[in-house]
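Participant: Can you keep this structure in mind? I'll have questions shortly.
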């Protein structure tokens, strides 16, 4: 694999300054290193999927970007403003939905929340009102705008959190696990909004999620974090193309150990409930023919032969297990 | 494009201060049922203890001397409870972090939070004052005359309370189990700040301790001298009560402020301000 492909994606050499620049961002809690030397450039309008297992450091990175956690070392610039030195300007560039948090006041109404969070960023009521109305109408919350958020369903509460993050129309949106705990319908709405923010409104979105299908669907680029370090950072398509070598899958029934032994060690096989799935790399046509011949001679019924493209989830799991190489730990 | 706010910092600060105070009062209004219970509790507490102190009857002289001190305690009680409760609730729910995502420094948000807590305390104290005045009018021997000069020691007392409230708000940010401690501290203050017995009847050592360590005691003693004993402001100043009250309030505010800001900084460093 190419070393170049595994390095953090940057916009060095391009004219436009990146919307988000992280440089050697590090956070240590005593002896525990939560994030180590994370450097990223996110161009304006890009959706970055930040993936990693629990405790990998995703939320800490988001919180350092929002100044809610002070970095031990390194810098974060949002819209060109250093969050440490120009916090006031930098904070105006972002809207954030944080993980494991209500994000909004449940005892207040949706309307009061939007007024509060708009004013929190320094806007006047006159500026907030039309935006709040548009957001609440588009999120189907307008008719219930004066009800306390605490009485809403989880999905509606999350919609209010998204609306509160967007009420100042920030160019950068940070979404930490935005669909966790949501039902299918609510998750679909949030996904729609993320897509819309990026595609139609040109916002830069950083999205952390465990829903890899969501990242695959929405993210232009994926950075995978493990133990506080970025182990892979590639455009999503490139990541899929690079790691996701297509494979043949042959589904058979009535596989015996004798036949399986005859297929050779190069063949990967999983079996369950009397059926087996044989996997072969697409680059090895000879092996495919050999396996099919062996199955034919052994009178093993073939149920299906297909060419399969691994999902981001397959790649993610493989990367975390270390099944596939990654090279930018240095 | 983002809306970039170019308001002068002072004006922006005022807007955000108002925003934080309005939010606090709205949340207070939503929680009006427990608030009403708290109100009934503090109002009744005063009368029950006064009857106890009076050996089964209300003593007009003691009522006159403790009336304002008790109201001072009510402000401290409600404001500190709202501050500590609000900080803890917002930490657990994550809104504390969201409220810090503001162009202004965290101290503006904390000032707004403090202002909301004090306004809430003052509103409750005003209601209690109205209720207590009705009963006071029915009790013989209560001599209490209003004098504008009393506003000065009362303002000093409010600053003293602000410092105490900030101190415990800061402690709540670091020690999440502060809820139990605050009730004990509030009870000690109630017994020693003159809310039930004027401090001059205490033994000397206890009077000194309460004036030195207990917030509101000096300011409320100065207020008592003006409203009950009819002392002019100059006398309260020259006998040292008011100057020491000012020093106490200033020290309290500085300590409270420093403790709260240090707690915020520590929270940001340790990532402890969120859910």
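Participant: Which ones in the stretch A:93-106 are modelled with pLDDT under 90 and over 17 Å from residue A:136 (Cα atoms)?
Facilitator: The answer is A:98, A:99, A:100, A:101, A:102.
Participant: Look at residue A:164 and say whether it is touching a helix residue (DSSP H, G or I) at 6+ places or on another chain (Cβ under 7 Å), assigned to a helix (DSSP H, G or I) and within 27 Å of residue A:80 (Cβ to Cβ).
Facilitator: Answer is yes for this residue.
Participant: Take the residues in the stretch A:112-152 that are assigned to a loop (DSSP other than H, G, I, E, B) and more than 22 Å from residue B:30 (Cβ to Cβ); name whichever of them is farthest from the other protein chains (Cβ to nearest Cβ).
Facilitator: A:140
Participant: Go through the stretch B:70-86 and give me each residue that's within 14 Å of chain A (Cβ to nearest Cβ) and in contact with a helix residue (DSSP H, G or I) (Cβ under 6 Å, 6 or more places away or on another chain).
Facilitator: B:82
Participant: Test residue B:139 against the stated conditions and say whether it is surrounded by fewer than 24 Cβ atoms within 10 Å (Cβ to Cβ) and either over 11 Å from residue B:79 (Cα atoms) or touching a strand residue (DSSP E or B) at 6+ places or on another chain (Cβ under 7 Å) (or both).
Facilitator: The answer is yes for residue B:139.
Participant: Among (1) at pLDDT below 85; (2) surrounded by 11 or more Cβ atoms within 10 Å (Cβ to Cβ); (3) assigned to a helix (DSSP H, G or I), where does residue A:286 come up short?
Facilitator: (2)
Participant: Taking the stretch B:87-116 only, how many residues are under 12 Å from the mean Cα position of the chain (by Cα) and either within 14 Å of chain A (Cβ to nearest Cβ) or not in a helix (DSSP H, G or I) (or both)?
Facilitator: Total satisfying the criteria: 1.
Participant: Which members of the stretch B:242-267 meet the condition of being free of Cβ contacts under 8 Å to residues at least 60 places away in the same chain and either within 14 Å of chain A (Cβ to nearest Cβ) or in contact with a helix residue (DSSP H, G or I) (Cβ under 6 Å, 6 or more places away or on another chain) (or both)?
Facilitator: Going through the stretch B:242-267, the residues free of Cβ contacts under 8 Å to residues at least 60 places away in the same chain turn out to be B:243-244, B:247, B:258, B:265.
Passing the criteria: B:244, B:265.
Participant: Sticking with this structure for a sec: Need a quick list: helices (runs of 4 or more DSSP H) entirely within the stretch B:181-275 having at least 1 residues that are over 29 Å from residue B:144 (Cβ atoms).
Facilitator: B:204-213, B:241-270
Participant: Looking only at the stretch B:23-55, count how many residues are assigned to a helix (DSSP H, G or I), surrounded by 13 or more Cβ atoms within 10 Å (Cβ to Cβ) and away from chain A (no Cβ under 14 Å).
Facilitator: Selection size over the stretch B:23-55: 11.
Participant: Can I ask one more? Answer with yes or no whether residue A:107 is within 7 Å of chain B (Cβ to nearest Cβ) and either touching a residue at least 60 places away in the same chain (Cβ under 8 Å) or touching a helix residue (DSSP H, G or I) at 6+ places or on another chain (Cβ under 6 Å) (or both).
Facilitator: For residue A:107, the condition - within 7 Å of chain B (Cβ to nearest Cβ) and either touching a residue at least 60 places away in the same chain (Cβ under 8 Å) or touching a helix residue (DSSP H, G or I) at 6+ places or on another chain (Cβ under 6 Å) (or both) - is met.
Participant: Next question. Can you find, within the stretch A:77-93, the residue that is farthest from the chain's Cα centre (by Cα) among those that are within 7 Å of another protein chain (Cβ to nearest Cβ) and in contact (Cβ under 8 Å) with a residue 40 or more places away in the chain? Let's see the steps before the verdict.
Facilitator: First pass over the stretch A:77-93, keeping only residues within 7 Å of another protein chain (Cβ to nearest Cβ): A:88, A:91-93.
When the remaining residues are screened for being in contact (Cβ under 8 Å) with a residue 40 or more places away in the chain, the result is A:92-93.
Values: A:92: 23, A:93: 21 Å.
Per the stated criteria, the residue is A:92.
Participant: So residue A:98 passes all but one of these: (1) buried (at least 23 other Cβ atoms within 10 Å of the Cβ); (2) farther than 25 Å from residue A:45 by Cα; (3) facing chain B (nearest Cβ under 7 Å); (4) under 23 Å from the mean Cα position of the chain (by Cα). Which condition number does it fail?
Facilitator: Every condition holds for residue A:98 apart from (2).
Participant: Which of (1) touching a helix residue (DSSP H, G or I) at 6+ places or on another chain (Cβ under 9 Å); (2) farther than 30 Å from residue A:89 by Cα; (3) in a loop (DSSP other than H, G, I, E, B); (4) away from every other protein chain (no Cβ under 14 Å) does residue A:179 not meet, given it meets every other one?
Facilitator: Residue A:179 satisfies all of (1) touching a helix residue (DSSP H, G or I) at 6+ places or on another chain (Cβ under 9 Å); (2) farther than 30 Å from residue A:89 by Cα; (3) in a loop (DSSP other than H, G, I, E, B); (4) away from every other protein chain (no Cβ under 14 Å) except (2).
Participant: Identify all residues within the stretch A:286-299 that are within 12 Å of residue A:250 (Cβ to Cβ) and touching a helix residue (DSSP H, G or I) at 6+ places or on another chain (Cβ under 6 Å); write none if there are none.
Facilitator: Hit for the stretch A:286-299 is A:294, nothing else.
The values are calculated or read from the model by the stated rules, or taken from the named source; none is laboratory data. Bear in mind the structure is a predicted one, so any value in this text is a computation, not a measurement. Positions of Cβ are backbone-derived with ideal geometry, glycine not excepted, and every protein chain shown enters the neighbour counts.
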